[in-house]
Amino acid sequence: MQEIRWHGRGGQGGFTASRLLGIAASVHGGKHALAFPSFGPERRGAPVLAFTKIDDTKIHDRSEVQNSDYVVVMDETLIAPGFEKGIRPGACILVNTEKVEVYQKALPAFKVIGIDASTLAMEILGRPITNTAMYGALVAASGLVSLEAAVASIRTEMKPKLADLNVKIVERSFEIINEQSTVEG
Amino acid sequence: MKTNKIFISGDEAVAQGVKLCRPHVIAAYPITPQTITVERLSEMVEAGEMDGIYMHVESEHSAISATMGASAVGARTFTASSSQGLLYMAEGLHYCSGGRWPVVMMNANRSVALPWSIYGDQRDSLSLLDCGWIQVYVEDAQEALDMMIQAYKIAEHKDVLTPMMVNLDGFILTHTYELVDIPEQKMVDEFLPVFETPNKMSFEEPKNLGFSSKPDDNTEFKYQQNEAMFKAIDVIRDVDQEFAEKFGRKYYDMVEEYRCDDAEVVLVALGSVCGTIRVVVDKMRAAGKKVGLLKIRYMRPFPETEVKDLARRVHAIGVIDKDISFGYEGTVYTNVNSAISKIDKYVYKSNFVGGLGGRDITKEEIEEMFEKLFFGVKNKSEEKVEFFSLNVESND
């Protein structure tokens, strides 16, 4: 089973991203998935977590995610003391940032990848909603689902006009991460 | 078989299930974590996707009163609640079962105050076991949807005519999204007959809704209610079988045994934690440990035969309770223990109280419970009620 933890602030769409990944994996990918928010009251702007579990077989395990394989951080100010708890050593962490070196240095036990999702979201969407930019980055970095399935999940979940913009964002962030790994590789 | 699978939450799955049953009247008051269910139903009625009436009542007490009244004139009815809301309904719950109105309710299992908590446990519904409702507990969103369809068929059966509460764990099921197969309306229509009740009140046949009784006939009313609950066991079995033949999904009626055939030690539980236990059972089985799970689906009527049958075959039974009856033990344990006491064999037993107010029950903890049961059998340990993963020192 692969476990993904999403960090965002209430209203940024972290839970939506966790569901999009679940839809891509299950409805469009033939796998099984669970997606859920950190349980409790919801407040705009407050730090929130969301989770996606993906497996080839039916997922029976209903306990909390304690060994994340991937962590997506939509707002870098959320990386605070205690952040590393519940992340598997060697796991991949994707951060929305312009200065990934800072986090690569601070989190040596993990593979840290950066993408300037805020700028990308402003360019295409005109709003600093970074969930789909980070979603595309995760899809590229992880291969958990195909780009086609990710695009299909957005078309399943969003109204056509909004879906068009978000598909563009996902395709672009997917490309950015792939270019990065080509340069590194 | 044609499938229509969508990625939805437990709350939404319940709403989809209810919609397929075509209730005439829905009356409910929103409460976390049930809210999404009643919001969706309200939207479906508003959009004309459902023919029923949605009554926006001002409280849970009114919700149960309205559904009872509607049921009395022959309407198929639905309500939903949770925690404090369910407790606010408590007076009406007894009225409803005594009146033999087959109202179907979804309850999102949530802790009860104080301390105030919106998180999940099963203290709300388990504290109402004696109110005369059939109580079933589900493990995932698909089972939640399917049980809405089964619930009407069971509750409205002429031999049963008893209201039914479908319980799903707050947040763990209500707010978790997963792939759910939505049955075709045509198939549900074929499966679920139109509601007909011999008790129907109408202008042609006026009846007394809030009838009274005297000492010389009250016992007979209660005897018949109890008989109907026992008759429900056969109906539950038949309906599950018929459902499996029609929709291809079987829930093993009163209980489900998971890898119990040659098990030495078994955990008994309700609801979503059963899924996590399955994972631990598989892991321990792979290591050669003979463990199993008994998933209790129905708490009322209680699966006494099934519990006794299992107890005859195993050395130890542990019961996980997401509740505690203060001053004694967990309510599920009390019920399981009562059944076991009726067989002529000693079985080591233990009660694990956990998952209160939303606390996670981890795979490691479940494995520890199994190990404690093995240890208890081997060392003839004292049987006790144990609060699991306690952060204060226990007095034991």
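FYI, it's all coordinate maths here, none of it is from the lab. Here the structure is a predicted model, which means the values were calculated and not measured. With ideal geometry, Cβ positions are generated from the backbone for all residues, glycine too; neighbour counts draw on all protein chains shown.
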> Once Lys and Arg get +1 and Asp and Glu get -1 on their Cβ, which of B:T331, B:T362, B:Y298 lies farthest toward the positive end of the dipole of region B:255-387?
Replying inline: B:Y298
> How many Cβ atoms of partner chains, on average, are near each residue of A:57-68 if near means within 10 Å of its Cβ?
Replying inline: 6
>> Please report the spacing between the Cα centers of region B:324-375 and region A:146-177 in Å, no decimals.
In response: 48 Å
> Just how far, in whole angstrom, is region B:216-272 from region A:2-46 if you go by their alpha carbon centroids?
Replying inline: 35 Å
>> In Å and on Cα atoms, what radius of gyration and Dmax does region B:255-387 show?
In response: 13.4, 39
> Tell me, how many Å apart are the Cα centres for region B:1-51 and for region A:60-108?
Replying inline: 36 Å
> Suppose every K and R has +1 on its Cβ and every D and E has -1 on its Cβ; what is the size of the dipole of the protein assembly as shown about the Cα centre, in Debye to the nearest 20?
Replying inline: 400 debye
>> Just to compare against my own numbers: the Cα pair-distance distribution for region B:102-197, 10 Å bins, whole % per bin, please.
In response: 15, 41, 32, 11, 1
> Taking a spot 7 Å from the Cα of B:K5 along the direction of its beta carbon, which residues of region B:125-166 have an amide N less than 13 Å from it?
Replying inline: B:142
> DSSP beta bridges in the protein assembly as shown, what fraction antiparallel, as a percent rounded to 5?
Replying inline: 35 percent
>> At 37 °C and a viscosity of 0.692 mPa s, what translational diffusion coefficient does Stokes-Einstein give for region B:1-153, taking Rh as the Kirkwood radius over Cα pairs? Give it in µm²/s as a whole number.
In response: 212 µm²/s
> What do the square roots of 5 times the Cα gyration tensor eigenvalues come to for chain B, in whole Å, largest first, as semi-axes of the equivalent ellipsoid?
Replying inline: 35, 23, 21
> To the nearest 10 degrees, how steep is helix B:60-72 against the longest Cα principal axis of chain B, on a 0 to 90 scale?
Replying inline: 60 degrees
>> Give me the dipole magnitude in Debye, nearest 20, for region B:1-121 about the Cα centre, with unit charges on the beta carbon: positive for Lys and Arg, negative for Asp and Glu.
In response: 460 debye
> Stretch B:E364-B:E190 to full length: gain in nm at 0.36 nm per residue minus the Cα-Cα span?
Replying inline: 58.1 nm
> Tell me, A:V183, A:V145, B:V279, B:V319 in order of fewest to most beta-carbon neighbours within 10 Å?
Replying inline: A:V183, B:V279, A:V145, B:V319
>> At q = 0.11, 0.20, 0.26 Å⁻¹, what log₁₀ I(q)/I(0) does region B:21-90 have when each alpha carbon counts as one equal point scatterer in the Debye sum?
In response: -0.23, -0.75, -1.17
> For region A:2-184, what mean projected area does the convex hull of the alpha carbons give, in nm²?
Replying inline: 10.0 nm²
>> What are the extents of the Cα atoms of the protein assembly as shown along their three principal axes, in Å, largest first?
In response: 88, 65, 46
>> With +1 on the Cβ of every Lys and Arg and -1 on the Cβ of every Asp and Glu, and nothing else charged, how large is the dipole of region A:2-184 about its Cα centre, in debye rounded to the nearest 20?
In response: 560 debye
> Against the longest principal axis of chain B, how steep is helix B:141-155, in degrees 0 to 90 to the nearest 10, with axes from Cα atoms?
Replying inline: 60 degrees
>> Can you return the lysines within cross-link range of A:K99? Criterion is Cα-Cα under 17 Å, with same-chain partners fewer than 8 residues away left out.
In response: A:K111
>> Along the charge dipole of the protein assembly as shown, pointing to its positive end and built from +1/-1 on Cβ of Lys, Arg, Asp and Glu, which listed residue (B:H94, B:L41, B:V160) has its Cα farthest out?
In response: B:L41
> Residues of B:6-17, mean number of Cβ from any other protein chain within 10 Å of their own Cβ, rounded to a whole number?
Replying inline: 2
>> What's the ranking of A:39-47, A:152-160, B:201-209 by average number of surrounding C-beta atoms within 10 Å, highest first?
In response: A:152-160, A:39-47, B:201-209
